[in-house]
Amino acid sequence: MASSKPPAGTPAPASTWRTAITRIEPNKVLIRGYPLDELMGRVGFGDAIYLLLVGELPTPSLSRIVSAILVSSVDHGATPPSTVVARNVATTGAPLRAAVAAGVLSFGTYHGGDVEACMDMLDDGLALMRGGQSYQEAARTLVQRTIDAGRRVPGLGHRLHTHDPRATKLLQMAYELDLEGEHIRLMRAIDQTLADVLGPGHARVHVNVDGAIAAICGDLGLDHEIGNALFIISRVPGLIAHAHEETLRERPMRSLDPRNHEYDGPPERRLPTTRK
């Protein structure tokens, strides 16, 4: 009986794989089913990001909170490691894309990774609550477990801010938009519990922007990687601005000390009253 195998050297038949994100046809681009040209001018950038990552356009409340999350981490000065890396690469004369890519690649466990770690912690706490613990009991279990392991509680504390204004605003917006759920409530309980465990002799540690983003993304039902992705997307414009400024204002191949910089931009100012 003749063999059914194709002759040696015959290319294997191409298998079909699928994507549900974008459909491209002659003269047509569909993003999750929506014509891209119809989205242009009618949908904000934050809404388009949400559509790509989640698959549906956000409600007005979701649109506002996602936009606020993206704005919250757009930049944090000249000292974060990712910014220093982007400026260091820019000072070599490398193209802008290389400097920005290097900055993005510098995100790790201790810089940009707290969102995902905090979402993991909150899920562990909610599992404890499904087992019968209250918010306060689950928070104490999580805090004590983390301290006993010699680790920092993710999503709380900041090297500069005692009260992170970004976290305060995001959590306030989530409450006002009726988006606060069990993740945010557990995050608040962890905040209070950590203060109780550390005692009055220890400086108070509050929820930071990563913790706020983690709690909100949890209540929105977003995957952990998506929560982390929102931070990365948010920070890219800041990396571009710093790398571009480095090229324009500084000499090539300089020795860059992020602690030895001073701000010379516009003084503090307020948005026009007509702007929401």
Please list, in order along region 91-99, the HN-Hα scalar couplings obtained from phi with the Karplus expression 6.51 cos²θ - 1.76 cosθ + 1.60 (θ = phi - 60°), rounded to whole Hz, x for Gly and Pro. 5, 7, x, 5, x, 3, 4, 5, 5
Among the Cα-Cα pairs of region 212-276, the proportion with separation greater than 17 Å, in percent, is 66
Quick one: which of 156-169, 60-73 comes out on top by average Cβ neighbours within 10 Å, and what's the full order, highest first? 60-73, 156-169
Peptide ranges 74-83, 202-211 listed from the most packed, as the mean C-beta count within 10 angstrom indicates: 202-211, 74-83
Write down the accessible area per residue of the chain in Å², having rolled a 1.4 Å probe over the full set of protein chains. 62
Point-to-point label distance, Arg270-Ile147, nm (Cα→Cβ direction, 7 Å offset): 4.2
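Which of the three applies to region 189-241, rounded, prolate or oblate, going by the alpha-carbon gyration tensor with a ≥ b ≥ c and a/c under 1.5 meaning rounded? All intermediate terms of the calculation are to be shown ahead of the outcome.
Values: a/c = 4.81, a/b = 1.77, b/c = 2.72.
It is oblate, given that a/c is not under 1.5 and a/b is not larger than b/c.
Give the ranking of Met121, Met40 by solvent-accessible surface, highest area first, calculated with a 1.4 Å probe. Don't skip to the answer; put the middle values down first.
Numbers: Met121 15, Met40 130 Å².
The ordering from most to least exposed comes out as Met40, Met121.
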Separation of region 139-192 and region 96-125 by C-alpha centroid, Å? 17
q = 0.10, 0.14 Å⁻¹: log10 I(q)/I(0) that the Debye formula gives for the chain, counting C-alpha atoms only: -0.67, -1.11
Rounded to the nearest percent, how much of the accessible area of the chain (1.4 Å probe, protein heavy atoms only) is carbon and sulfur? 55
Per the helix-only calculation at 222 nm, which mean residue ellipticity applies to the chain, given -39500 (n - 2.57) for every DSSP H run of n ≥ 4 and division by its residues, nearest 500 deg cm²/dmol? -16500 deg cm²/dmol
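Within region 207-269, list the GluC sites (Glu not before Pro) lying in a DSSP loop whose Cβ has at most 10 other Cβ atoms in a 10 Å radius. Kindly include the intermediate steps, with their values, before the conclusion.
Details: sites: Glu225, Glu245, Glu246, Glu250, Glu262, Glu268; in loops: Glu250, Glu262, Glu268.
Answer in residue order: Glu262, Glu268.
About the Cα centre of region 140-276, how large is the charge dipole given +1 on each Lys and Arg Cβ and -1 on each Asp and Glu Cβ? Please answer in debye to the nearest 20. Don't jump to the answer; show the numbers that get you there.
Details: 19 positive and 19 negative charges, 63 e Å.
So the magnitude is around 300 debye.
Volume per residue, Å³, of the convex hull around the alpha-carbon atoms of region 106-221?
On the way: hull volume 12.5 nm³, N = 116.
Residue-normalised Cα hull volume stands at 108 Å³.
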Whole-Hz ³J(HN,Hα) from phi, Karplus 6.51 cos²θ - 1.76 cosθ + 1.60, for region 145-159, glycine and proline x: 4, 5, 5, 4, 7, x, 10, 7, 5, x, x, 10, x, 8, 5
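The values are calculated or read from the model by the stated rules, or taken from the named source; none is laboratory data. Just so it is clear, the model here is predicted, and its values are computed rather than measured. No Cβ is skipped: glycine too gets one built from the backbone with ideal geometry, and neighbour counts run over all protein chains shown. Keep in mind that these areas ignore ligands, DNA and RNA; they rest on the heavy atoms of the full protein, side chains included. Shrake-Rupley method; radii C 1.70, N 1.55, O 1.52, S 1.80 Å.
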